[in-house]
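Let me begin by presenting the structure, written as structure tokens, before commenting on it.
The values are calculated or read from the model by the stated rules, or taken from the named source; none is laboratory data. These numbers come from a predicted model, not from an experiment. Virtual Cβ from ideal backbone geometry, glycine too; neighbours counted across all protein chains shown. Protein only, heavy atoms only, side chains kept; ligands, DNA and RNA dropped before computing areas. Shrake-Rupley method; radii C 1.70, N 1.55, O 1.52, S 1.80 Å.
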Amino acid sequence: MTDIPASSHIIDDLIHQWETPFVEQAVFGTGNGQEIAQYLNTFCEQTLHSNIAEYLFYESSQGAVCGVQLADGRLIVIKAHQPQRDILFLQAVYRVQRYLAEQGYPCPLPFVGPTPLVHGHAIVETLIDEGVYMDAHIPAIRRSMAQHLAWLATFTPALKDIPGLSSTAIARQLPPDVLWPTPHSKIFDFEATAHGAEWIDQIAREAKHILAQGGGEQVIIGHTDWSVKHFRFLHGKVNVIYDWDSLALDRETLIVAGAAIGFTMTWHLNVRLTPTPEEARAFIADYEVARGRRFTQDERRTINAAATYGLAYGARCYHCLQRDPSAIAAGTALEALTQYKGEFLGL
């Protein structure tokens, strides 16, 4: 067994922040950082023919992400996905991301497709960490993000028929009698925290009803977590965009709505997490300029409903963790929903 570098402590450092390491237990079958480090090292030895010399960073949310330097000098990122992730979707992510990188789009180049890793699957990509994190409340940063989202959409004709995209994005529509999807993390229990959230559910229900009526049927390649925390900038320009397992093939109105309410989100800087309504509308206007045409009134109605539903989902998640119902943290989705109800965009 290869000795594990001392830097592997970063795995335990992160895991200890969670009450229960759901992701680690699902992927690796353990919440022990040293055991996880050994699994990752063995994966690299068997798949990349080099052991790990240093663990650079470790994060987990819906999956686990570890940046490492291999003994042969390569800098890579291992993205480990939980076993329930659709293998066809992961293969599609690999193909789309690789195509985008080869076309000059600013995303890391993946060079190992989904490969078994203990109970889950991992994709390996080059580590790109040049650049700095920026504040998307700055108009030039907001505008650049909108332009890159519109640029991403232009690749749709070449990528829309890849197996795994449609079955995991467009077809993922909730039945009429189901209000919420399964929360993206097990730390959120909507059923157990339903009391006091009835008003959030009602707003979401009304928005979902509007969404069911359609409006803007154009489908595009998009990214469902288009937030500035996934961007690094170099000399004011986008240098790299991360988190491509948030890839989707979905209605343009839904992709844009999600980006408009989430583009300012970052943990890297001490800034307001959510945009103001004016900033969200400005993002949509920037996107319209980049795409070369304005949205129709029906499309705007759908964007408004999708943004409202997205805010309600974020508020519902915050409600799950809220200890003091009278205290609402500034800049959260719950604050925005409390203040604006279903009129956040007002399109």
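Observations on the model:
- Odd one out for residue 182 among (1) touching a residue at least 60 places away in the same chain (Cβ under 8 Å); (2) of a type in the set (Val, Ile, Thr); (3) not in a helix (DSSP H, G or I): (1)
- Given (1) touching a residue at least 60 places away in the same chain (Cβ under 8 Å); (2) surrounded by 13 or more Cβ atoms within 10 Å (Cβ to Cβ); (3) under 25 Å from residue 340 (Cα atoms), number of the condition residue 221 does not satisfy: (3)
- Filter result for residue 215 (touching a residue at least 12 places away in the same chain (Cβ under 8 Å) and either out of contact with any strand residue (DSSP E or B) (no Cβ under 7 Å at 6 or more places or on another chain) or over 24 Å from residue 80 (Cβ atoms) (or both)): yes
- Residue match in the range 95-113 (condition: out of contact with any Pro (no Cβ under 8 Å at 6 or more places or on another chain) and under 21 Å from residue 36 (Cβ atoms)): yes
- Selected residue (only one of 57, 89 is open to solvent by 30 Å² or more (accessible area, probe 1.4 Å), at negative phi and among the aromatic types (Phe, Trp, Tyr)): 57
- Test for residue 211: is it touching a His at 6+ places or on another chain (Cβ under 7 Å) and more than 30 Å from residue 26 (Cα to Cα): no
- Candidate set from the range 234-249 (those that are out of contact with any Asp or Glu (no Cβ under 8 Å at 6 or more places or on another chain) and closer than 19 Å to residue 77 by Cβ); member that is most open to solvent (accessible area, probe 1.4 Å): 242
- Per the listing 201, 225, 245, the residue uniquely in a helix (DSSP H, G or I), among the charged types (D, E, K, R) and within 25 Å of residue 80 (Cβ to Cβ) is 245.
- Exactly one residue among 130, 45 is assigned to a helix (DSSP H, G or I), of a type outside the set (Gly, Ala, Ser) and at pLDDT 95 or above, and that residue is 45.
- Scope the range 60-70; condition open to solvent by 20 Å² or more (accessible area, probe 1.4 Å) and at pLDDT below 95; matching residues: 61, 62
- For the range 31-68, a residue qualifies if it is more than 19 Å from residue 115 (Cα to Cα) and either among the polar types (S, T, N, Q) or in contact (Cβ under 8 Å) with a residue 60 or more places away in the chain (or both), and the qualifying residues are 32, 34, 56, 61.
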